[in-house]
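Structure first, then comments.
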Amino acid sequence: MSTIKVDSIQATGETASRGVSGVAAAWVNLNGTGTIAIRDSMNVSSLTDNSTGVYDSNFSSSMSDADYAISGAIPYASWGASTKADFYGASETSSKMRSIVIDPFSNYYDGSEVYTIAYGDLA
């Protein structure tokens with residue numbers, strides 16, 4: 001496999017380019033119920049089920065440090081209540097990102113679909 005080194009990228013059909021650092025370094029779509037599992041991912045090698053609603057996504061290739069940004073979402077249908085659950089990120093290290101799912105009543109909740117994305121520099 002070859003490596004292409006660039007400072008910015010531009011997709012076919014786009015008029016603007018963006019810095020490579022703005023591209024996701026890792027992402028995961030996981031099933032957080034029962035035996036947790038990765039549905040699909042990039043740069044995530046495994047999951048750790050810490051407790052109800054608390055998941056670590058372990059990177060295949062580490063980040064350069066723990067100062068990266070994460071975001072995430074839990075689809076409405078993932079937990080079946082009439083109000084949306086909340087996603088929180090916490091306890092990031094260069095080798096993993098943590099997702100925490102909490103329902104509207106401040107209870108930790110195992111979501112059937114949890115999406116987490118990390119933005120930053122790889123080591």
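In the range 16-69, what residues are of a type in the set (A, V, I, L, M), open to solvent by 40 Å² or more (accessible area, probe 1.4 Å), within 28 Å of K5 (Cα to Cα) and part of a strand (DSSP E or B)? Break it down into steps so the answer makes sense when it comes.
Going through the range 16-69, the residues of a type in the set (A, V, I, L, M) turn out to be 16, 20, 23-26, 28, 30, 36-38, 42, 44, 47, 54, 63, 66, 69.
Now restrict to residues that are open to solvent by 40 Å² or more (accessible area, probe 1.4 Å): 16, 20, 23, 37-38, 42, 66, 69.
Then drop every residue that is not within 28 Å of K5 (Cα to Cα), which leaves 16, 20, 23, 42, 66, 69.
Those that are of a type in the set (A, V, I, L, M), open to solvent by 40 Å² or more (accessible area, probe 1.4 Å), within 28 Å of K5 (Cα to Cα) and part of a strand (DSSP E or B): M42, A69.
Can you tell me which condition E92 does not meet? The list is (1) farther than 18 Å from S41 by Cα; (2) modelled with pLDDT of 85 or more; (3) among the charged types (D, E, K, R), and all the others hold.
The failed condition is (1).
If we keep just the residues of the range 95-111 that are open to solvent by 40 Å² or more (accessible area, probe 1.4 Å) and in a loop (DSSP other than H, G, I, E, B), which is modelled with the lowest pLDDT? Can you show your working first?
Applying the first criterion (open to solvent by 40 Å² or more (accessible area, probe 1.4 Å)) to the range 95-111 yields 95, 98, 104-110.
So of that shortlist, the ones also in a loop (DSSP other than H, G, I, E, B) come out as 95, 104-107, 109-110.
On the way: S95: 95, P104: 75, F105: 78, S106: 82, N107: 84, Y109: 85, D110: 88.
The qualifying residue modelled with the lowest pLDDT is P104.
Name the pairs: first residue in the range 42-70 and closer than 20 Å to D86 by Cα and touching a residue at least 12 places away in the same chain (Cβ under 8 Å), second residue surrounded by 13 or more Cβ atoms within 10 Å (Cβ to Cβ) and among the acidic types (D, E), Cβ to Cβ under 6 Å, at least 6 apart or on different chains?
T48/D56; T52/D110; G53/D110
The values are calculated or read from the model by the stated rules, or taken from the named source; none is laboratory data. Note that the structure is predicted; figures quoted are calculated from it, not measured. Backbone-built Cβ (ideal geometry, glycine too); neighbour counts: all protein chains shown. Keep in mind that these areas ignore ligands, DNA and RNA; they rest on the heavy atoms of the full protein, side chains included. Shrake-Rupley method; radii C 1.70, N 1.55, O 1.52, S 1.80 Å.
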